[in-house]
Each structure stands twice: as C-alpha cells, then as structure tokens.
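First comes the structure, then the notes that go with it.
The values are calculated or read from the model by the stated rules, or taken from the named source; none is laboratory data. Here the structure is a predicted model, which is why all the values come from computation and not from measurement. For neighbour counting, all protein chains shown are included, and Cβ atoms are generated from backbone atoms with ideal geometry for every residue, glycine included. Each accessible area value is taken on the protein alone, full model and side chains, heavy atoms only, with ligands, DNA and RNA left out. Shrake-Rupley method; radii C 1.70, N 1.55, O 1.52, S 1.80 Å.
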Amino acid sequence: MTDSNSSPVEQFTFKAETKQLLNILIHSLYKDREVFLRELLSNASDALNRLRFEMVTNQNVLDPAAELSIHIKADKDSRTLTITDTGIGMTRGEIIENLGTIAQSGARRFIEATKDKKVDFSQLIGQFGVGFYSVFMVAESVKVTSRSYRPDAEAVTWYATGEDNYTVGVGAMTERGTRVEIKLKEDAVEFAEDYRLRNIIHKHSDYIGFPIYIGDGKAPVNKQTSLWRTPRKDVTDEQYREFYKQTTLDYEEPLLHIHMVTDAPVQLYALLFVPGKAERGIFALRKDDGLKLYSRNILIDEYNKDLLPDYLRFVQGVVDSEDLPLNVSRETVQSSGLMPKLKKVLTNQVIKELETLAKNNAEKYQTFWKEFGGHLKHGVASSPADADSLKPLLRFKTNLQSETWSSLDDYISRLKDGEKTIYYIIGDDPKSVLRSPHLDYFSAQGTEVLLLTDPMDSFMLMGLRSYKEYEFKNVAQAEVDAGKQAEAKNEAEKIPDADFNSLVERFKQVLGERVVGVRASNRLSQSVARLVDPDGTLNPELQRVYRLLGKEYEIPKKILELNPSHNILKNLLNLDPGSELQTAIIEQIYDSALLVEGLHPDPSSMVVRVQQIMEAALNRRTI
Ligand code: ADP
Ligand code: MG
C-alpha cells in the first residue's frame, strides 16, 4: 500500500501548548499514572460506540461482522503494552487532527488547571480532550495504527516519543479499528503485568459496554454492563460517586443519587444525580444542562433537555430506554411520543426521592434546599401539574422560627385550632423583613408568618395560592382582618381624633400624589407607619420583582397607614405646623416605609434629610 498524496512518512511538530502539556506529563510524578489505561480504554469504547451508531444506519462499513471488542496484550520482557479496538478507526486526516492538532485548546485549559494545586490531575486529564496524551506518563514512545470503518480508507500510523515532533505514515493493518502500541518507561513496567491491568480495569473501566480481553483470555475481564444497568444491590456508593465524578468532573460529592429501573408505563434505566453545589465548577465537564440519553446502551444524545422539566435542570445523569426505536436519529427522538412518558416517570421519581430525603435526612435536605430551593420554587410557578407535589418540598423561615427551616406542614401543625390562613410577608432580606411594620401585629399576637425574601419567592407565589385547605395571605395586604384585641389595647394611648385628622391632612399635603391615601391603622404597635396596597391591586409581589430586575419602574402608589398611638406622631403634632422639621420628618416616615417594603429606588438620597433631622434632634437636647 502506498500513500499517493505524500511521502510515506511525514513529520509534524506539536503546537506550543501541546508541547508544554507533554512536558508536564513526562516529567511530573503522578501517583495515579494508572489512569492512562482508563483514558485509552475510554477512547476505544467511544470509537466502538460511534461505530455501532454508524452501523445502525449504514451497512457499508469495513468488517461488519467483526466483534465489537478491545484486546490488550502485554509483554514484560519487551516492556510493551498494546491496546486494540475494532471501533470506528481514523483516516490519515483524522489522526493528524485528533492526535496532533485538535488538542490545542484542551491542552491550554489543562495547563491552566494544573496551576491549581488542589486539582487532582488524574481525574482531570480525560476531561479536556487530551486524555490520549496521558499515555506519556508511562510511555517512552507510542505508535498508533488505525484503519477507518470507511471501506475505501487506508491504514495510517502515528508515532511520537513525547518530544516536539510526531510522524505520520502508511500503516500496516487489514482490519477496521485502532491499535495503540506503547513502549513502557523503565519505571512503568508494572503496567505490563496482567494482574495489574485487571485491577485497573475493575477499578476504572468495569462498566465499559464492550468486552475487554487480556492476552489470550477468552472471557472478558470487565463486567461490561453499564453501571445504570447493573442491579442496585451490586453497586457500591463508591462506584456511584466515581461514576458521577467521571461524568461531570465535579469535585464535590453528589448530594443524592437516584438509580431506577422501570418496566411500565415505559421501560427505562436511569442513573441520576443531584450535584452537591448548584454552581458548576470551572473545570466541570458538562457545559450544558441535560441528561445523556442512551437507547439500548448506545449514546444518542449527550445533552437531552426533554427528559426533565426546566426546573429540574440541575439534575445530572444518564437515561437508557429499550423502548426507543433503535433506528432513531438524534433528531427524531425528540418527536417520538415516548419522550413525554419518560419525562413524567423521571420527574415523579426525582420528586419522590426528594421527599424521601426530606423525611429521612432533614439535614441533608436543608443543604439541598439551600442550593436548589430556588429551582423548586420556580417549578411551583411554572409547572402547575407538578405544583401539588412540589409544595411539601418547600422550606421557609418564619417570624417565629427565623433560624430553622419549616415546611408548610410544620407551619400548619403550629396553627391555632380552626385557623385556615397561611400568612406571608415579602421583603429583601431575612433580617430587615423582621423589622417590617406589617409584622407588628402578627408578631405581637404570636401569629406565625412566612418570610419570603428570595427574589424567586415572588414568582413562586403566582403558583402558590393555597396549600391543602389553607389559603395564602400577604400581611401587607390592607384587607387582612385586624382582630379586636390589638385595637382595644391601644385605645387608651391614641391621639385624639381631631388632632389625628389634622395630622393626616399635613401628611397628605406633603406627600401629595405619591400616596393614594393616608389613614389610621390599628395594626401597628412598634412602627410609626406602613404602606399598604389599595384593595384590588394586582400582584403586589410583581412590584418588587420589577425593581429587582432593574426594570423601568415607577414607585407604586399606596396607602400610608399611621399608628395613632406612636410617640413620634404625638411629638410631630407639637411641632409648628408647616415647619421645615415637621415636613422633613413626614418625608422621612414615607421614605422609611418605602425602604422596608423594598421599594425605595434610591435610599442614599435620604442622607441629607437624615442629617437635617439629626441636627434638629441634637439642638433640642442642648436646650
Ligand atoms: P477525547 O477522548 O476527550 O476526545 P482524547 O485525547 O482522549 O480526547 O482523544 C482525542 C481524539 O482522538 C478522540 O476524540 C478521537 O477522535 C481520537 N481517538 C483517540 N483514540 C481513538 C481510538 N481508539 N479510535 C478512534 N479514535 C480515537
Ligand atoms: Mg478520551
């Protein structure tokens, strides 16, 4: 065989980053050098997978009857290790691109990553599209010979010693696939021992879906079944974790794994994970959301987003279904009627497992909630069909239990007999919301109020009007029933009606169009004033959402309610009507009320006035 386009052996130079990478690999001492085998086997497995996928639609491949397998041969005396697969193979162009050129950006990122001392190289190396080069941790030289599945392709060979250059020439290979021949370094001869190879395979590559043979052995050394098809009882926690780390390259342990097998209404295997953190690490392998979708062990979609609702997009993992027709393409799978069924089954299972976690391990569930609670809130609003099963998973802080998380059922269990209302308050952060005047009356009465201080809470409320037979009510809504007790208690200390009315007029004069009304409230005890929505205001929550989103936003017009028993108002009456100080204090009362509502567009604008008021206060003290 001759190569008509070029001389039989051509020399190429690695690009700068690849050279640097090889240099790091050759000269560093890694305790986990064994991972090179995992990388080479994973490449072989990828190549076999791609070939199998090709064969589904294309009969015209070289050696169609060849077994899809991997053979390893080791020879201690000559320090050689050979790994041969019957996968998709590479053409001359592909081998130059894949083993010479394409690794540039991956090499650069890997070098960046290795600067961080905490990083575990052995986990990392495979994840930058440079896994192949890990062979240079153990190799003096490497020769790759490959023959593409395309019937007209010729064999090609690639050779490198880890120095600056590699050569490409005509290869000697009659069958389809790829052969990687390694001349081991003197200190790496252990990798020519069968038992050592066997151990490494069990540790890292057991679930590769193709048989791996060592030497003349007739039985595969790997279990071959993918981890998700392995019965749960045969999988250790360690294996789940290892699988998770390899598929995501997350350093953190997953919070939860969900391993499921169902036969009805659809057949599926799934191995799903809730990550430990909501945010992906910078080296995370998976750059997009979505689950890996397999049909009978063949990967047909790397990032499938139709298997879970949007609000569960943080879930990672693999779904494999026998029910997907085998001749599906990556495109047609989307339109197959099976997807909605798979989605339903998977969604229900994830929710169920979260319920179980909440019940059996409250502490871990809290960790989950802190990381991913926002997603579930999103789900309550965006997926009405799931809302009922999501509501029990919600967690809240309350005015009475401000340090611990309570579920809605916890809240209900603490309700006084006959009460059918779940009260909530909306605010910017848990501390300041506790100072809200809206809470005065409820806290004084010992009524529990949910503190909704997450921006997502306002969205959640759109899907959260009731829970079981309990209605949700915003304590800032004007029509909430006032109750008689508080009223009676404050009666004695109230400003007389006539005085109070003239004060109300002053407020109206000063605030003008900015409020729709000023009136007395019998629901305030510690606070001077509060802003409430006029009855029938739609979605008061949205006002905050707009402000948080930084949208063009007008301060909503509200009713200013005053506390007729408050000392500040009594003293305000003693000031000269229309005096500068009185006006300043009225303005400040209004601004403070806006502030606690989380509605103030420009809090620092108050500084000048506050200073003016402080000066006045100090002057009085010295008189
Ligand atoms: P990755 O596997 O992440 O792409 P590698 O450095 O491990 O990165 O491999 C680089 C590329 O070389 C692979 O993407 C593949 O195209 C090609 N390759 C490596 N080994 C094989 C093989 N055994 N058969 C076919 N192609 C291979
Ligand atoms: Mg690889």
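Accessible surface comparison of Val504, Val261, probe 1.4 Å, protein chains only, largest first: the order is Val261, Val504. Loop-resident trypsin sites (Lys or Arg not before Pro) (DSSP state other than H, G, I, E or B) in the range 7-63 with no more than 11 further Cβ atoms inside 10 Å of their Cβ: Lys31. Within the range 222-246, which residues have the backbone N less than 20 Å from the label spot 7 Å out from Asp32 along Cα→beta-carbon, could you tell me? Zone members listed by number: 227, 236-246. The orientation-averaged projected area of the convex hull spanned by the Cα atoms of the range 227-365 comes to 8.3 nm². Restricting the GluC sites (Glu not before Pro) of the range 141-211 to loop positions (DSSP other than H, G, I, E, B) with no more than 14 neighbouring Cβ atoms within 10 Å leaves Glu163, Glu175, Glu193.
Projecting the Cα atoms of Val433, Val345, Pro64 onto the dipole axis of the chain, where Lys and Arg carry +1 and Asp and Glu carry -1 at the beta carbon, places Val433 farthest toward the positive end. Just list whichever of Lys15/Lys76; Lys292/Lys377; Lys305/Lys352; Lys364/Lys431; Lys218/Lys341 have alpha carbons separated by over 30 Å in the model shown. Flagged as over cut-off: Lys15/Lys76; Lys218/Lys341. Note on Ser141 and Glu97: the extension gain reaches 13.9 nm, defined as 0.36 nm multiplied by sequence separation minus the Cα-Cα distance. Sparse packing (at most 15 other Cβ atoms within 10 Å of the Cβ) combined with a DSSP loop state is found for the following GluC sites (Glu not before Pro) in the range 398-461: Glu403, Glu419. The separation of the range 376-434 from the range 589-617, counted between C-alpha centres, amounts to 31 Å. Compared with the dominant Cα axis of the chain, that is its longest principal axis, helix 607-622 is turned about 40°. When only the Cβ of Lys, Arg, Asp and Glu is charged (+1, +1, -1, -1), the dipole of the range 227-365 relative to its Cα centre reaches about 140 debye.
Extension gain, Leu575-Lys416: 0.36 nm per intervening residue step, less the Cα-Cα distance, totals 52.8 nm. Can you classify the range 149-290 as rounded, prolate or oblate using the Cα gyration tensor, where a ≥ b ≥ c are the square roots of its eigenvalues, rounded means a/c under 1.5, and otherwise it's prolate if a/b beats b/c and oblate if not? Since a/c reaches 1.5 and a/b is larger than b/c, the shape of the range 149-290 is classed as prolate.
Let me know the charge dipole size of the range 383-482 about its Cα centre in debye, to the nearest 20, where only the beta-carbon of Lys, Arg (+1) and Asp, Glu (-1) is charged.
The calculation lands at about 80 debye.
When each of the peptides 301-310, 589-598 is scored by how many other beta carbons lie within 10 Å of its residues on average, the order from highest to lowest is 589-598, 301-310. Put the Cα centre of the range 129-157 next to the Cα centre of the range 24-72 and the gap is 10 Å.
Toward the positive end of the charge dipole of the chain, with +1 on the Cβ of Lys and Arg and -1 on the Cβ of Asp and Glu, the farthest Cα among Gly373, Leu22, Ala188 is that of Gly373. To the nearest 0.05, how large is the calculated FRET efficiency for Asp306 and Val608 if R₀ is 60 Å and r is the Cβ-Cβ distance? Result of the calculation: an efficiency of 0.60. A quarter of the convex hull surface defined by the alpha-carbon atoms of the range 334-485 gives 10.5 nm² as the mean projection.
Can you tell me the length gained on complete extension of the stretch Glu54 to Lys183, counting 0.36 nm per residue apart and subtracting the Cα distance?
Net length gain for the segment: 43.2 nm.
Radius of gyration (Cα atoms) of the range 9-214, expressed as a multiple of 2.2 N^0.38 Å: 0.98.
Only four residue types carry charge here, +1 at the Cβ of Lys and Arg and -1 at the Cβ of Asp and Glu. Report the dipole size of the chain about the Cα centre in Debye, rounded to the nearest 20.
440
Mean projected area of the Cα convex hull of the chain, taken over all directions, amounts to 38.1 nm².
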